[in-house]
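First up is the structure itself, then whatever we jot down about it.
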Amino acid sequence: MTPEEVFLKLVHGVADRDFAVLPELYAEQTDVRHPMNPYGDHPLLSKAALAEHFGVTGPRVTEVVRFQPANLRVHQTADPEVIVAEFEYAGTVVATDEPFSVPAIFVLRVRDGLIVESRDYIDHLAMIRARGQVEELISHLREPATAPAAS
């Protein structure tokens, strides 16, 4: 699969809640990051970590919102393994039918048909609002930061 085909399988798989299949789009060792996540960027470095991520996070999201990718634009780069994809997840809040939109940009490196690296820049605040979790985020932000463990 080309990088664009892998990207399309990924975003449609997330929207279709196909969480068991999504880890198969990734290499055994990968590097997936969400640099804009207000809860902190916790790199996902293996297919197993992604399986856990999709298995836990995916159902928590889709029980309160439904969405599909929209306004997809995929940009090729000078590196044939790398694409930049602009899109949004457009959907509705299950409880209220209120519409929402979450803009995103993914920078993917796909090698031999598998994602080996991804930087997912998502408007996490828009998704947090849609999921009704603003108060949870505020509580998290008020918690004292923990110092990294000494090496």
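The values are calculated or read from the model by the stated rules, or taken from the named source; none is laboratory data. Computed from a prediction, not measured in an experiment: that's the story for all the values here. Every residue, glycine among them, receives a Cβ derived from its backbone with ideal geometry; neighbour counts consider all protein chains shown. Only protein heavy atoms, including side chains, enter the accessible area calculation; ligands, DNA and RNA are left aside. Shrake-Rupley method; radii C 1.70, N 1.55, O 1.52, S 1.80 Å.
Number of residues in segment 34-51 that are without any contact (Cβ under 8 Å) to a residue 60 or more places away in the chain and surrounded by 15 or more Cβ atoms within 10 Å (Cβ to Cβ) equals 6.
Restricting to segment 4-33, name every residue that is open to solvent by 20 Å² or more (accessible area, probe 1.4 Å) and modelled with pLDDT of 95 or more. Even if it seems obvious, please write down each step before you answer.
Initially, segment 4-33 is screened for residues open to solvent by 20 Å² or more (accessible area, probe 1.4 Å), giving 4-5, 8-9, 12, 14, 16-21, 24, 28-29, 31, 33.
Scanning segment 4-33 gives 4, 5, 8, 9, 12, 24, 28, 29, 31, 33.
For segment 18-57, name all the residues that are charged (D, E, K, R) and closer than 17 Å to residue 122 by Cβ.
The first filter runs over segment 18-57 and keeps only residues charged (D, E, K, R), leaving 18, 24, 28, 31, 33, 41, 47, 52.
Correct list: 31, 33, 41.
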